[in-house]
Each structure stands twice: as structure tokens, then as C-alpha cells.
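A short write-up of the structure that comes next.
The values are calculated or read from the model by the stated rules, or taken from the named source; none is laboratory data. Please read these numbers as outputs of a predicted model, since none were measured by experiment. With ideal geometry, Cβ positions are generated from the backbone for all residues, glycine too; neighbour counts draw on all protein chains shown.
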Amino acid sequence: MTRDGARPGILAIWNDCAPEGRADYERWYMAQHLPERVTVPGFRFGRRYQAIEATSQYFTYYETDSAAVLASPPYLERLENPTPWTRRVMPHFRDTSRTICRLAASVGSMQGSHVLAIHASAPAAPGAEFEDSVAGTILPNLEETADVCRGQFWIAAPGEAPAAVAEAEMRGQPDRQIAWALVVETSRPESARALAADGSLPEALTKAGAGPEISRGLYRLLCVLEHGSLVS
């Protein structure tokens, strides 16, 4: 199990899209937005998911060298200077949740095709006992579960979040934020469904101190783009 260490950063995003803008949104994400983000210095990769059973239609996350990358001048320059295509697409975002996190702990090293994402909305910041329980017990137990490829525990890093930027303002409503997330990747959809349906994982999180207000979503992988595939 990996815990803290160099502490990579995570930009976690959940959102919906207005039906009239969805086709343009999909083209923009694949052709421009994902490559534009992943070529920022310090970005490692971006992953996109679509809902199977979730309240938010889309789940996207980026891993960076550290959470500080997400407040760096090269990244902020892109947020403050959106392209014409970005300006056209951003108003179609709906119910956006966007949070800068640190990767607090992880198990496994393989990439799965499906994800169960469990998270709590801010400001329900996790305490030290909760962090220790997730990192020391819940994640290792997940690693022993059949078809689990990887499990990650993210904690919000609010000190790294920049002030309101041009892109956020174009979405029209303030972005929601999470306090923490447990993201479990599996190799098969039925395994992710079984984890989502099994009440033992939410029960373990609640006993550890997560609180009752947690959200669950089941997603399938759409694509992955790595920094090295675009930057030589």
C-alpha cells in the first residue's frame, strides 16, 4: 500500500451536460480539452468516465505531480484564457463538482475498466482517525477483493484552490466541492456493481467516521490520456 509519500495531486470533477450541448461537449472534451489539460507541466494523465448508475453523468479526474500544480501559473493561464470552443461549451455544464485533492493513500497498480466512486460533500472534512481507518484497514481489505485493480483515497486540499477564474464564471453557478473520495477500480462491471450493492463498504466508512451523507456512483471508463503520449 502507498500512503502519502510524494502526495500526487488529484483534480476530481463530476458534472452533467445540457442535452442541447452534449454532442459539442463530447467532441470538445476529446479533441481539445483533455489534450490541452494533460500537456500542462506537472500533469500526469486524465481519465474520463460515464455513469452506469450515478447522479452525475460524467466523472473525470486528472493526476498531477502535486496539488500545487493545480495552482501553478501555466495551469491558471489556461483557466483564465479559455479558447473560443471552451467558451461555447462551458455554459452547458450542469451541477458541477470540482475539487483539488491530494492522493492520501492507494492500493493496487492496475487500471480497471469500471469505477465505484464514493464521496462526501464539503465541508465534511475527514479526521485523522477516519484517514487512518481508510488507509490502514478499508483500502487493504479492498485489495483482497476479487477483480479490484486499484483503490485510492483522496482528501480535499482547499489551500491549493485558486480564486474564481474565467472558466468557472462561464459555468454560471458556483462549483460544488467534495471533502474526500474513495475510488475503487475493477476489471469487470459486475464486480463494481457488487461492490456498489454491498452495504458493507458504506457501513465500514460510516463506522470509521465518514458520516451518513455519502454519495455513490458507478462509472465505466471512456478514455485515458497520458502526458507522455503528447509531450516528447
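Descriptive notes on the structure:
- Out of 112, 46, sole residue that is in contact with a helix residue (DSSP H, G or I) (Cβ under 7 Å, 6 or more places away or on another chain) and modelled with pLDDT of 95 or more: 46
- Filtered by the rule that a residue be of a type in the set (S, T, N, Q) and assigned to a strand (DSSP E or B), segment 87-110 gives 96, 97, 99, 106.
- Candidate set: segment 126-160, residues that are in a loop (DSSP other than H, G, I, E, B), touching a helix residue (DSSP H, G or I) at 6+ places or on another chain (Cβ under 9 Å) and within 24 Å of residue 176 (Cβ to Cβ); chosen: the one modelled with the highest pLDDT: 157
- Pairing residues of segment 125-148 that are more than 30 Å from residue 159 (Cα to Cα) with residues that are in a loop (DSSP other than H, G, I, E, B), at Cβ distances under 8 Å and at least 6 apart in sequence or on separate chains, gives 143/1; 143/108; 147/112; 147/187; 147/188; 148/108; 148/112.
- Residue check, residue 215 among the polar types (S, T, N, Q), assigned to a helix (DSSP H, G or I) and touching a residue at least 60 places away in the same chain (Cβ under 8 Å): no
- Contacts under 6 angstrom Cβ, first residue in segment 174-199 being more than 18 Å from residue 155 (Cβ to Cβ), partner acidic (Asp, Glu), 6 or more apart: 186/147; 187/147; 188/147; 191/147
- Residue within segment 3-10 that is assigned to a strand (DSSP E or B) and at pLDDT 95 or above present: yes
- Residues in segment 185-232 that are surrounded by 14 or more Cβ atoms within 10 Å (Cβ to Cβ), more than 20 Å from residue 130 (Cβ to Cβ) and of a type in the set (A, V, I, L, M, F, W, C): 192, 194, 196, 218, 221, 222, 225.
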